[in-house]
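First the structure, in the form of structure tokens, and then the observations on it.
None of the figures in this text is laboratory data; all of them are computed from the coordinates on show. Just so we're clear, the structure is a prediction, and the values are computed from it rather than from any experiment. Cβ placement follows ideal geometry from the backbone for every residue including glycine, while neighbour counts extend to all protein chains displayed.
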Amino acid sequence: MNNGNEQYLIALAGNPNCGKTTLFNAVTGARQHVGNYPGITVEKKEGFYQLNGSRLRLVDLPGTYSLTAYSLEELVARDFLVQERPEVVLNIVDACNLERNLYLTVQLLELGIPVVLVLNMVDAAESRGIEIDVEELSRRLQLPVVPTVARTGRGKDDLLSTAARMASEKRGWAPLHISYGPDIDPALDEMEKEIARLSFLTEALPSRWTALKYLEADEQVIAKGRETHPELSSRLEAIAARLTDHLQKTLESYPEAIIADHRYGFIAALLKGGVVTEKNKSDRLYLSDQIDRVLTNRLLGPVSMMLILYMVYQFTFNYSALPVQLVESAFSMLGNRMDALLPEGLIKSLIVSGIIDGVGGVIGFVPLILFMFFAIAFLEDTGYLARVAYMLDRVFRTFGLHGSSVMAFIISGGIAGGCAVPGVMATRTLRSSRERLATLLTAPFMNCGAKIPVFAMLIAAFFPKNRASMMFLLTLLSWMAALFLAKLIRITILKGPSTPFLLELPPYRLPTFKGLLIHTWERTWQYVQKAGTIILAISILFWALMTFPGLSEKKKVRFEEARQEILAGVPPELREMTARGAPEGQTIPAVVADARERILALDHEEAQTALKDSFAGRIGTAMESVSRWSGFDWRTNVALLSGFAAKEIIISTLGTAYSLGKVETGDDLSLSERLSNDPLWNPLKAFAVIVFIMLYAPCFATITCIIKESGAWKWGVFSMVFNTSVAFLIAVLVYQGGRWLGLGT
């Protein structure tokens, strides 16, 4: 079959929810990596598989219904197929919805790409009484057809062997030729001849396929055509315009609609004559339909959704509590160990306060993030999150948004643990520019994965008995704030009607444990990488800002004189005991104990003064004249300022601030414990801080994404100013309202 040293590029293509990624995970397992397509933020997955000496490089393309490039996912998938020219495309189709899924197959065959048709979920089809004659379907399509069950691995070996064999043959494939009727075929033939005669774009695309793209008004192909051969492109556009005008007058339709109808007609004919038979066909409800009767019911659906969300938080906090405690204890022990080993000085301060206490506070919540991502991956892979979007469509339209906005909110962290950057990018599927802008401006209000550790830390400090309930409440508050602010934006600066929403609900499926682990690990590892790079760098930066310029000589002298004054009241023979403590088994005299206590208080005052006199302290203190209305002290101000870079850094900045500002007493308190013991903090202030963090300006990465997606700097600036203003106003109302009710004492 091969010489044993070949590498073959194999692409996996298919509709969303066809089991494509499940199959990809089953084949590649840990031998995969996730990145982005060059210059594009759509996720790219690659993996490798060794088979009989051949190396298969598998690429999981974004899920897409067609290759007509209406969405970014379709564009990315098509560009990869055209430019990379994989040896084989594994086209995964849902055996339960074969007719709809074959629409993409037809387009792949028209592109002239070698295809292996993968009939996935044949077990589900069999349970529904659907029988598919695999051999006859293969004969009619003139390509290999392999039945599989990606979830269990059934058919995987046969599929990979077939793909490797096809790739090694390297034989040319003639593009599929479909008749599109008496109106379109003559125009198509005329365009195809012109394209072939001048070799127009034929180095990458079949002539007939290029002609079809002109008739379908494909903007990308037409733009490339105008750049390559303006004169011929104009002639092709004129033919397409003439045909469009004719179809409008005679059939009140467009070429792309007629083309789609004929493709489905081709598919319907293909599946006739016993290729697909359905036994016991009736109006009976399948399992997914039966479950949906409850989970998407107008009354029971929202209640179920709230219950499921609450269970996610219960699972996350209950099972992650011990691992979080162990990781925090490990970092505390490491800090104490380094504190004992290293000599006094800047290096010790940097390592203990800047790195260990800073980054350690963020890493400490990795177990919590891991458990939460696992729960969210389970909801995603079962198909439940699509039901959430379906149920919330009516609510979103009430607030001037589109049903597709739901997915942008969910991706941003609407269920918890997402990220605003891909959430903002998900707005590309919205056709209305006003709805799109309103969505990308409000999606950052969701509780993303960067905010969750901050909330968890503050909840552990001030609401330890109601962790899951508090996180559930914060999720509801973030949704309410986002929706009401979206309504405000839609009735003021972005007026306009809402557009209709269409969504396919995939059948419920039981996820594979392997798939869940892969999805969980990918997201958790991204969090860890962020902590090890960006957060480490900014932690060191803020350590420097909170360390320099240090105390003035005048203040140093004053503190040293006060220290000597205290020691002067201790008998000379006991002064060493004041500094080092009593030998083991010996009682400390009262005069020494009093002196030690006073020196400890003086050391604490000196550390606090040095911190407040630092560059960061001066900035935070200057902000106190305004921030005091919301209860924020200067250290909180500095931490919130660092959150503009990334929200997780709030923890590391607070950790550094409270590490530099404390006196070394040998304790190993976590940041949560330090805050709960601080007299300037109380539950009311903590809640005001949480509300502010939930709503204020997105991180720099999200701001950059908003500017890129909106195409204007003004929307990035608007997001920073508007979000922060709203956050501060609400935080002031929470804090001042709580004090008025007597809750701040």
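Sort the following peptides by mean Cβ neighbour count (other Cβ atoms within 10 Å, averaged over residues), highest first: 9-19, 46-56.
Details: 9-19: 22.6, 46-56: 16.0.
Listed from highest to lowest mean packing, they are 9-19, 46-56.
List Arg394, Arg436, Arg263 from most exposed to least, where exposure is judged by having the fewest other Cβ atoms within 10 Å. Walk me through the intermediate numbers first.
Numbers: Arg394 11, Arg436 23, Arg263 19.
In increasing order of surrounding Cβ atoms, one gets Arg394, Arg263, Arg436.
Panel order for Trp681, Trp713, by other beta carbons found within 10 Å of each beta carbon, from fewest to most: Trp713, Trp681.
Mean projected area of the convex hull spanned by the Cα atoms of segment 538-603, taken over all viewing directions: 6.3 nm². Once the Cβ-Cβ distance of His604 and Lys465 is raised to the sixth power relative to R0 = 41 Å, the FRET efficiency obtained is 0.85.
Could you compute the net charge surrounding Pro698? Neighbours are other residues with a C-beta less than 12 Å from the C-beta of Pro698; K and R count +1, D and E count -1. Don't skip to the end; give the middle numbers.
Numbers: positive: Lys451, Lys647; negative: none.
Neighbourhood net charge equals +2.
Selection among Ala196, Gly225, Ser253 by position relative to the dipole of segment 181-278 gives Ala196 as farthest towards the positive end (Cβ unit charges, Cα centre). Is segment 7-169 rounded, prolate or oblate when judged by the Cα gyration tensor, a ≥ b ≥ c being the square roots of its eigenvalues, rounded requiring a/c under 1.5 and prolate requiring a/b larger than b/c? Here segment 7-169 falls in the rounded category. Cβ crowding within 10 Å ranks Thr250, Thr442 as Thr250, Thr442, fewest other Cβ atoms first. The HN-Hα couplings worked out from phi for segment 219-227 by the Karplus form 6.51 cos²θ - 1.76 cosθ + 1.60 (θ = phi - 60°) are 4, 5, 5, 5, 5, 5, x, 4, 6 Hz, whole numbers, x standing for Gly and Pro.
For Leu574 and Glu344, a Förster radius of 25 Å and the Cβ-Cβ distance give a FRET efficiency of 0.55, rounded to the nearest 0.05.
If you count the DSSP beta bridges with both ends in the chain, what percent of them are antiparallel, to the nearest 5? Please list the in-between numbers first.
On the way: 16 of 36 bridges.
Antiparallel: roughly 45 percent of the beta bridges in the chain.
Note that the chain, at 4 °C in a medium of 1.567 mPa s, gets a Stokes-Einstein diffusion coefficient of 44 µm²/s from its Kirkwood radius over C-alpha pairs. Taking the Cα centre of the chain as origin and assigning +1 to Lys and Arg Cβ atoms and -1 to Asp and Glu Cβ atoms, the resulting dipole is close to 1040 debye.
Under 18 Å from a point placed 7 Å out from the Cα of Leu541 along the Cα-to-Cβ direction: which residues of segment 599-640 have their backbone N that close? Inside the label zone: 615-620, 637-640.
Residue-wise HN-Hα couplings along segment 597-614, as the Karplus relation 6.51 cos²θ - 1.76 cosθ + 1.60 with θ = phi - 60° gives them from phi, are 5, 5, 5, 4, 5, 5, 4, 4, 5, 5, 4, 5, 5, 4, 5, 6, 7, 6 Hz; Gly and Pro carry x. Taking one equal scatterer on every alpha-carbon of segment 181-278, how large is log10 of I(q)/I(0) by Debye at q = 0.10, 0.16, 0.20, 0.21 1/Å? Scattering profile of segment 181-278, log10 relative to I(0): -0.31, -0.69, -0.95, -1.02. With 22 Å as the limit, the listed pairs Lys170/Lys224; Lys45/Lys514; Lys487/Lys685 have Lys170/Lys224; Lys487/Lys685 beyond it between alpha carbons. Annotation: amide H of Ser404 has no partner in the under-5 Å range at sequence separation 5 or more or interchain, hydrogens built in the peptide plane.
Please say if segment 618-745 is rounded, prolate or oblate, where rounded means a/c under 1.5 for a ≥ b ≥ c the square roots of the C-alpha gyration tensor eigenvalues, and otherwise the choice is prolate for a/b larger than b/c and oblate otherwise?
Values: a/c = 2.46, a/b = 1.45, b/c = 1.69.
The shape class here is oblate.
Over the chain, dividing the summed -39,500 (n - 2.57) contributions of all DSSP H runs of at least 4 residues by the number of residues returns a 222 nm mean residue ellipticity of -20000 deg cm²/dmol.
Restriction of the GluC sites (Glu not before Pro) in segment 199-266 to DSSP coil positions whose beta-carbon has at most 13 other beta-carbons within 10 angstrom yields Glu203, Glu252. Taking each residue as 0.36 nm, the span from Gln526 to Ser138 lengthens on full extension beyond its C-alpha to C-alpha distance by 135.5 nm. Using the Karplus relation 6.51 cos²θ - 1.76 cosθ + 1.60 with θ = phi - 60°, the per-residue 3J(HN,Hα) values for segment 691-707 come to 4, 4, 4, 4, 10, 6, 3, x, 5, 4, 4, 5, 4, 4, 5, 4, 4 Hz, with x marking Gly and Pro. Straight-distance candidates among the aspartates and glutamates for linking to Lys714, with alpha-carbon spacing under 20 Å and chain neighbours fewer than 8 residues away dropped: Glu435. Loop-only GluC sites (Glu not before Pro) in segment 581-639, please: DSSP not H, G, I, E or B, and at most 10 other Cβ atoms within 10 Å. Those that pass, being in a loop and sparsely packed, are Glu584.
For segment 187-225, backbone nitrogen atoms closer than 15 Å to the point 7 Å from Arg242 Cα along Cα-to-C-beta are found at 187-195, 215.
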